1. Within the stretch 25-55, which residues are within 20 Å of LEU11 (Cα to Cα) and either aromatic (Phe, Trp, Tyr) or touching a Lys or Arg at 6+ places or on another chain (Cβ under 9 Å) (or both)?
2. Of everything in the stretch 41-58, what is closer than 22 Å to THR19 by Cβ and of a type outside the set (Asp, Glu)? Give them in sequence order.
3. Across the stretch 26-46, what is the number of residues that are loosely packed, with under 10 Cβ neighbours inside 10 Å, in a helix (DSSP H, G or I) and either more than 14 Å from the chain's Cα centre (by Cα) or basic (Lys, Arg) (or both)?
Amino acid sequence: MFKRKKKTIDLSLLKNSKTDEVRIPVLFLQTQKFFFENKISEEDCKVLARMLNAYYDN
């Protein structure tokens, strides 16, 4: 069996970017990672994603 090593990608430079077009997708990826790691249900993920989308669209 192969053991997978956890790869850590440092997103801090992108997360702190002054450009919204870069920063917002990185924050979304971190949110998705949080959902996955904490086993949030798919329905709850959809609701939260819609809320975030509505917030950033205004």
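1. Once the filter is applied, which keeps residues that are within 20 Å of LEU11 (Cα to Cα) and either aromatic (Phe, Trp, Tyr) or touching a Lys or Arg at 6+ places or on another chain (Cβ under 9 Å) (or both), the stretch 25-55 yields VAL26, LEU27, PHE28, GLN30, PHE34, PHE35, PHE36.
2. If the condition is that a residue be closer than 22 Å to THR19 by Cβ and of a type outside the set (Asp, Glu), then ALA49, LEU52, ASN53, ALA54, TYR55, TYR56, ASN58 are the ones that fit.
3. Of the residues in that region, 2 qualify.
Bear in mind these aren't lab numbers, they're just calculated from the coordinates by the rules spelled out. Just so we're clear, the structure is a prediction, and the values are computed from it rather than from any experiment. So basically every Cβ, Gly included, is an ideal-geometry build from the backbone, and we count neighbours across all protein chains shown.
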